[in-house]
Amino acid sequence: MSMLKHLEILMKYSVRRSEDYDSIRGQNLMVFGRGLDRAWEKEACWECFDETGAVAGFCSAHILNEQGEQTLFLSRAAVLPHARGNQLQRRFINTRCRYGKKVGCDVAITYTSPHNTTSSNNLIREGFEMYVPHYKWAGKDMLYWRKVL
Ligand SMILES: CC(C)(COP(=O)(O)OP(=O)(O)OC[C@H]1O[C@@H](n2cnc3c(N)ncnc32)[C@H](O)[C@@H]1OP(=O)(O)O)[C@@H](O)C(=O)NCCC(=O)NCCS
């Protein structure tokens, strides 16, 4: 992608911290279907808006305390169908990593399902590497990712 195109996308969309949990629940339902009714209030959430103010997606993360180490878990991200293909998932990853660093996390972790190559490739592009956790907390078939912040 050319630098100009990249700048256009950056200008067209803005990512902001959000506590609009009704909006986030609605987007979650739209993208993931009837899944877990997650307690979004416990997570740090962000929403992305286009230049008309229409919502384009959301992401969430929360801090885990493990053996004295603060770790940021990237818990969920969704880009609404009309806004896909604009590298917004990478922006969501980057935004959360910057937040994690700011609040004192040493590491960010997440997981993907093996068929979700888009998400895996975007994590690689944002500096994540695969690792083998001691305990496969998201399921034995998942791929596990981490990045030192
Ligand atoms: C996975 C997801 C977050 C990717 O978001 P994104 O910001 O659109 O990602 P990208 O801009 O990198 O584009 C993804 C791919 O779609 C392609 N694409 C381009 N235009 C597109 C369009 N209009 N619609 C859909 N895909 C498009 C891109 O070329 C890219 O292909 P690549 O993976 O071969 O590079 C998004 O598709 C999504 O929300 N999916 C459902 C939920 C999900 O899987 N969430 C992540 C796990 S929690």
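Throughout, read-outs are computed from the coordinates displayed, never taken from laboratory work. Note that the structure is a prediction, hence the values are computed from the model and not measured. No Cβ is skipped: glycine too gets one built from the backbone with ideal geometry, and neighbour counts run over all protein chains shown.
Data table
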read-out: Trypsin sites (Lys or Arg not before Pro) within region 32-109, DSSP loop, no more than 12 other Cβ atoms inside 10 Å; value: ARG34
read-out: 12 Å Cα-Cα reach of LYS42 towards aspartates and glutamates, excluding residues that sit fewer than 8 places from it in its own chain; value: GLU19
read-out: Choice from THR112, THR71, THR52 with maximal GNM fluctuation in the chain (Cα, 10 Å cutoff); value: THR52
read-out: Relative contact order computed over region 3-148 (Cα-Cα under 8 Å; 6+ residues apart), in percent; value: 17
read-out: Total formal charge among the other residues, if their Cβ is under 9 angstrom from that of THR71, Lys/Arg +1 and Asp/Glu -1; value: -2
read-out: Cα long-axis angle, helix 3-12 against the chain (0 to 90 degrees, to the nearest 10); value: 80
read-out: Bins of 10 Å from zero: percent of alpha-carbon pairs in the chain; value: 11, 40, 38, 10, 1
read-out: MRE, 222 nm, helices only [DSSP H, n ≥ 4, -39500 (n - 2.57), over the chain, to nearest 500]; value: -9500 deg cm²/dmol
read-out: Per-residue HN-Hα couplings for region 83-89 [Karplus 6.51, -1.76, 1.60; θ = phi - 60°; Hz; x = Gly/Pro]; value: 10, 6, x, 10, 6, 6, 4
read-out: Residue-count net charge about ARG84 - beta-carbon cut-off 15 Å; Lys, Arg +1, Asp, Glu -1; value: +2
read-out: With Cα atoms, 0 to 90° folded angle of helix 21-32 axis to the chain main axis; value: 80
read-out: Alpha-carbon centroid distance for the pair region 25-65 / region 96-149, whole angstrom; value: 18
read-out: The chain: most fluctuating residue of ILE93, ILE124, ILE24 per GNM, C-alpha cutoff 10 Å; value: ILE124
